[in-house]
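Read the structure below first, then the notes.
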Amino acid sequence: MDEVLSETGISKARQAFAELREQILDGRLPPGTRLTLRPIAKSLGMSVGAVSEAVRELVHEQLVDFEPNYGARVKRFDVETIRGQHVLRIAIECEAIRRCTERINDRKLEELALLAEEVDRLVDVEEKLSEARRRDLEFHLRIADLSGVPPLADVLRSCHLVRLLAIESSPAQDVIQVPNRTHVELVEAIRSRDADTAERAMREHCERSLQLQLQMTLGAIGR
């Protein structure tokens, strides 16, 4: 019985985590929002314990900050936070794509190509930016998974969630043009089977993403 209750508690905590993360990413819980456990638990129909566990996981994924004597609140962003995240992201992604290029087989490469085409199509043709961002996250994590080094994907997931949150909360996101075919170009670089070529392509991709994010979130390009 205790085991069943334990599993139910974990399940409820994961449900609370998924719901709160979605509310943060789609802007229903904007940056700076204080996360008070009891009202959230009531709104979700869950226990305070499940929500508390969910908030701890959100802190771990860098979507939420916790301050002693204040509590948890949705993470705010500044120029240095964004740049720092991208420095870490570039280091991880460049190593991931190098290793992926060296070991990926033809079948996995074609699967990655299909995902890249979908991400670019969602932006360029269908203009479904929210879905494109989620598929973009899946694309980059897939490369990290294919590197054969599991911790790369774990660390990258946190970097990308911060990046997604900053973009989703931007008031200017609808007027920014995202570069075309950027993910297809990454796959073509992997297809070359040259790790140096793939790394250069990924570095350019990440640096372009940083400039776009600064423009979207802070109007900070050129500062």
Within the range 34-83, can you find the residues that are surrounded by 12 or more Cβ atoms within 10 Å (Cβ to Cβ) and of a type in the set (Asp, Glu)? Glu53, Glu57, Glu61, Asp65
Among the residues listed as Ile97, Ile104, the single one being assigned by TED's automatic domain parsing to the domain that holds Pro150, at pLDDT 90 or above and touching an Asp or Glu at 6+ places or on another chain (Cβ under 9 Å): Ile97
Please work out if Glu67 is acidic (Asp, Glu) and not assigned by TED's automatic domain parsing to the domain that holds Val187. yes
For Gln62, state whether it is outside the structural domain of Ala198 (by TED's automatic domain parsing) and at pLDDT 90 or above. no
Is it the case that the range 69-90 has a residue that's of a type in the set (A, V, I, L, M), touching a residue at least 12 places away in the same chain (Cβ under 8 Å) and touching a Cys at 6+ places or on another chain (Cβ under 8 Å)? yes
Mind checking which pairs have a first residue in the range 127-138 that is over 14 Å from Thr182 (Cβ atoms) and a second that is of a type in the set (A, V, I, L, M, F, W, C) and surrounded by 14 or more Cβ atoms within 10 Å (Cβ to Cβ), Cβ under 6 Å, 6 or more apart or different chains? Lys128/Leu122; Glu131/Leu122
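The values are calculated or read from the model by the stated rules, or taken from the named source; none is laboratory data. The shown structure was predicted, so the numbers you read here are calculated from the model rather than taken from an experiment. Glycine also receives a Cβ, built like all others from the backbone with ideal geometry; neighbour counts cover every protein chain displayed.
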